[in-house]
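Data block below; observations after.
The values are calculated or read from the model by the stated rules, or taken from the named source; none is laboratory data. Note that the coordinates shown come from a computational prediction; the quantities given were computed from them, not determined experimentally. Don't worry about glycine lacking a Cβ; one is built from the backbone with ideal geometry, like all the others, and counts go over all protein chains shown.
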Amino acid sequence: MKKALITGASSGIGFEYAKYLNHNGWSLDLVSHSEERSKKAREFFHNSSNNYYHFDLSKKDSVLELLDKVDCPDLVVANAGITLMSKAGESSSLQRDELYYLLCGGVIDLIEGLVPRLKEKDASRIVIISSIGAVTPMPKSSLYASAKSGIYSYGRSIGEELANDNISVTISLPGYVKTNAHKRAGLDHLEKKIPFWMWVSAEKVVKMTEKASKAGKNTIIPGLAYKLIRPFLGMDITSKAWKMLNSRK
Ligand SMILES: NC(=O)c1ccc[n+]([C@@H]2O[C@H](COP(=O)([O-])OP(=O)(O)OC[C@H]3O[C@@H](n4cnc5c(N)ncnc54)[C@H](OP(=O)(O)O)[C@@H]3O)[C@@H](O)[C@H]2O)c1
């Protein structure tokens, strides 16, 4: 039985990933922060032999402890994350450190810790859930966008490096996905403001990301709408539209 390690598996994209792999007969190590919030996943998978771990992955000690506890998986899905809206100059040092570690430094520590063991396998895969924010300016979300950009760059580089070791690396860059993330960040207004065609379901993100990963692709932008607008990302007009869509007015 193939084994996957998924971080942030209690809801949203991570939970959908766990459902998809469980349906396809995988054994799962599921990591999230809150034991309470992971109840839904535990109830859903009640008959399976999954392992559940609860760690605050914004802390280095937690990532190191997790690395000690888990067996080497065939697939790593580095997905755990939060969204943070913060104006430049208004975040605290602790907020910045924790966000950067959760979205970037901690993902690198996790992958660096697993790579020596992954190299001993005949073949394995790494999937990193970054964001479309990695390739487009996100005013008032600069910390989030830059952390996602950092992990995108790391993933692209190790993807080339590890190809000879039969380890594929795929970075997924989703746009807007309806999950708990926005509510948790106090951004509920986005559900009304963002047009329907800009939302991609978590299920679609998972299916397209898995397809890309199995095909050995380095980058995937799930959803047709985002594929079409990708050439325009970073242009003034796109940034203006992004600002308008995200404003609370
Ligand atoms: N939703 C979007 O529009 C969107 C777009 C692009 C990229 N993404 C990325 O997709 C990934 C998954 O987000 P989602 O949208 O599925 O959000 P979600 O429904 O809020 O799920 C986030 C998951 O990450 C876990 N997590 C958060 N902080 C953690 C911490 N400090 N330690 C351990 N686990 C932690 C949560 O566990 P607990 O509930 O226990 O805290 C939960 O399982 C994130 O990396 C996010 O940046 C999302």
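So here's what we get for this one:
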{"read-out": "Residue satisfying all of: in the stretch 2-16; assigned to a strand (DSSP E or B) and away from the ligand (no atom under 14 Å from the Cβ); nearest to Ile128 (Cα to Cα) among these", "value": "Ala4"}
{"read-out": "Which listed residue, of Lys227, Lys148, Lys204, Lys192, is under 26 Å from Ser32 (Cβ atoms), without any contact (Cβ under 8 Å) to a residue 40 or more places away in the chain and basic (Lys, Arg)", "value": "Lys204"}
{"read-out": "Residue tally, condition assigned to a loop (DSSP other than H, G, I, E, B) and away from the ligand (no atom under 11 Å from the Cβ), over the stretch 109-138", "value": "7"}
{"read-out": "Residue within the stretch 24-35 that is hydrophobic (A, V, I, L, M, F, W, C), away from the ligand (no atom under 13 Å from the Cβ) and assigned to a loop (DSSP other than H, G, I, E, B) present", "value": "yes"}
{"read-out": "Residue check, Asp29 acidic (Asp, Glu), closer than 28 Å to Tyr144 by Cα, modelled with pLDDT of 95 or more and in contact with a strand residue (DSSP E or B) (Cβ under 8 Å, 6 or more places away or on another chain)", "value": "yes"}
{"read-out": "Residue ID - surrounded by the fewest Cβ atoms within 10 Å (Cβ to Cβ), chosen from residues in the stretch 225-240 that are aliphatic (A, V, I, L, M) and out of contact with any helix residue (DSSP H, G or I) (no Cβ under 9 Å at 6 or more places or on another chain)", "value": "Ile237"}
{"read-out": "Tally of residues being in contact with a Leu (Cβ under 7 Å, 6 or more places away or on another chain) and either charged (D, E, K, R) or in contact (Cβ under 8 Å) with a residue 40 or more places away in the chain (or both) across the stretch 50-65", "value": "3"}
{"read-out": "Residue identified as assigned to a helix (DSSP H, G or I), touching a residue at least 40 places away in the same chain (Cβ under 8 Å) and either out of contact with any strand residue (DSSP E or B) (no Cβ under 7 Å at 6 or more places or on another chain) or away from the ligand (no atom under 16 Å from the Cβ) (or both) among Leu187, Leu162", "value": "Leu162"}
{"read-out": "Scan of the stretch 216-249 for residues that are in a loop (DSSP other than H, G, I, E, B) and either within 26 Å of Gly186 (Cβ to Cβ) or among the small types (Gly, Ala, Ser) (or both), ordered by number", "value": "Gly216, Pro222, Gly223, Leu233, Gly234, Ser247, Arg248, Lys249"}
{"read-out": "Test: Gly159 is more than 15 Å from the chain's Cα centre (by Cα), under 17 Å from Glu16 (Cα atoms) and among the small types (Gly, Ala, Ser)", "value": "no"}
{"read-out": "Leading residue by the ranking (surrounded by the fewest Cβ atoms within 10 Å (Cβ to Cβ)) among those in the stretch 43-56 that are away from the ligand (no atom under 11 Å from the Cβ) and outside any loop (DSSP other than H, G, I, E, B)", "value": "Glu43"}
{"read-out": "Residue count for the stretch 198-215, restricted to those that are more than 14 Å from the ligand (Cβ to nearest atom) and either surrounded by 13 or more Cβ atoms within 10 Å (Cβ to Cβ) or not in a loop (DSSP other than H, G, I, E, B) (or both)", "value": "6"}
{"read-out": "Residue in the stretch 82-94 that is of a type outside the set (Asp, Glu) and near the ligand (Cβ under 9 Å from one of its atoms) present", "value": "yes"}
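Listed here are the residues, each with its yes/no results for (1) touching a helix residue (DSSP H, G or I) at 6+ places or on another chain (Cβ under 7 Å); (2) away from the ligand (no atom under 14 Å from the Cβ); (3) not in a helix (DSSP H, G or I).
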residue	(1), (2), (3)
Ala18	yes, no, no
Ala41	yes, no, no
Ser58	yes, no, yes
Cys72	yes, yes, yes
Val77	yes, no, yes
